[in-house]
Amino acid sequence: MTPWARAGGRISRFHVSLTVAGLGMGMTGSLTAVYAKALGASDTAAGVAVASISVSLLVVDVLGTRVVPSLDSRLSISLALAIFGVGSLASAAAPTYAWMVAARVFQGAGAALFMTGGLQAAVRMSEPGREGRAVGAFNMAFFLGVASGPLLSAVVSEVRPGLDGLRAAFAVCALTNLVAAVLCRLGLPSMPTGLRPRLALPPLGLLARPRLGAVLLLGAFGQAVQVGIPFTMIPLLATDRLGLPVPALSAALSVLAVSNIIAMSLAGRASDRVGRLWGLLPALVWGAGVLVLTGRAAGLGPFVICCAAIGVTVGSVVVVPAAMVVDLAADRTAAISGYRISADLGQLAGAAGAGALFGAVGPSGALDVAAAGLFLAGVLVAATGDTSRCPANTVQVPAEGPLRRA
């Protein structure tokens, strides 16, 4: 048991801080594509706007692979929220689509700091054999806040419907993030690593092992699903074909986020007990069927049901591949860095590709293609096999310090 995790399964200050961060960072994710279109963007350009945050995510994760993991997690999380808040404020004031995309790129630096620093801390604090549970708890705490964010932004955006309401939602998002940065800085305990930051490229030797390369590909695909479906395809389907107002869209996405959170918790635990293969494969097959039905949903009721159903797959495909990477890598720090880079590439491809597909083949066709992708991912999972039986790997942590194992 580490000093920052309380006994008896009580919620630690670390996980509370993740939930606060999720609230701030999740307020406008579902509105980005809608906001881009309100500024005159096409479906494809709206997807590019969602994907633009991944550009700086990738740069930070590649060049900062030996910097971010060595930072105190309190510093990483607080600074990340402050950067994200400033970027959201710039988005709120954006006079053009290009300005908004530039602000999104700036926000990506904050998102990279948060996701890498937070996930590194979660894995370091995990006990041997419970890496899947640790990754699931990290994602569950974060997305608990994310699930509440769209409801708050929907209320704000409807005070003045249209472009002005969307600007107001981004402004409130900025304020929430800046307040959360202060709260995390004051309330989160210091978690120094004892490692010296240095600018260096990631250990690309990770990719030389075919099985690990396949798992990193799954990690990229999982992030493509997480960004491409809930933040691009679903909002465009709701507003363009179903004609749903922003509050209805936000409510449906909050339902998706709740099922996503539950799946993250259960998938992590299940994959630790029954293996990664059976913790992920059924969710992929389920998701393929749900997406086919979602593309043909008519009305708010069926749409909300489909959102709840697809959340099961979105949660599982994010958590389990991350645990699989940790299973196979000899160095967990390097493993998480490799996973983050693959995830950034997946986010970039997922959001841009989802917008392009939506514009090229329409809502039903785009979701059918996504369903085929889930099926092919299931084939890759089956070919990779279970990784949880691999020998546990040790964490490279200083002998003294608050993150060492007790």
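What shape does the range 55-96 take by its C-alpha gyration tensor, where a ≥ b ≥ c are the square roots of the eigenvalues and a/c under 1.5 counts as rounded, a/b above b/c as prolate, and the rest as oblate? Cα axes put the range 55-96 in the oblate bin.
Using the Kirkwood radius over C-alpha pairs as Rh, can you work out the diffusion coefficient of the range 229-351 via Stokes-Einstein at 37 °C, viscosity 0.692 mPa s, in µm² per second? Don't jump to the answer; show the numbers that get you there.
Values: Rh = 15.4 Å.
Answer, rounded: 213 µm²/s.
With the Cα gyration tensor of the range 248-299 giving a ≥ b ≥ c as the square roots of its eigenvalues, does the rule (a/c under 1.5 for rounded; else a/b larger than b/c for prolate; else oblate) give rounded, prolate or oblate?
On the way: a/c = 5.83, a/b = 1.64, b/c = 3.56.
Verdict is oblate for the range 248-299.
Determine which residues of the range 357-381 fall in the zone a paramagnetic label at VAL292 would reach in this model, i.e. backbone nitrogen under 14 Å from the point 7 Å along Cα→Cβ. Only 365, 367-376 pass the distance filter. Couplings 3J(HN,Hα) of the range 95-111, computed from phi: x, 9, 4, 4, 5, 5, 5, 4, 5, 5, 4, 4, 4, x, 4, x, 4 Hz, in residue order, whole Hz [Karplus 6.51 cos²θ - 1.76 cosθ + 1.60, θ = phi - 60°; x for Gly and Pro].
Applying a 10 Å radius around every beta-carbon, put 41-52, 309-320 in order of their mean neighbour count, most first. Write out the running numbers ahead of the final one.
Working: 41-52: 23.5, 309-320: 27.3.
Packing proxy ranking, top to bottom: 309-320, 41-52.
Note that the range 272-277 has calculated 3J(HN,Hα) couplings of 6, 8, 9, x, 5, 4 Hz, one per residue in order, obtained from phi through the Karplus relation 6.51 cos²θ - 1.76 cosθ + 1.60 (θ = phi - 60°); glycine and proline are x.
Values quoted throughout were computed directly from the atomic coordinates according to the rules given, and no laboratory measurement underlies them. The model shown is predicted, which means the values in this text are computed figures rather than measured ones. Neighbour counts run over all protein chains shown; Cβ positions are idealised from the backbone, glycine included.
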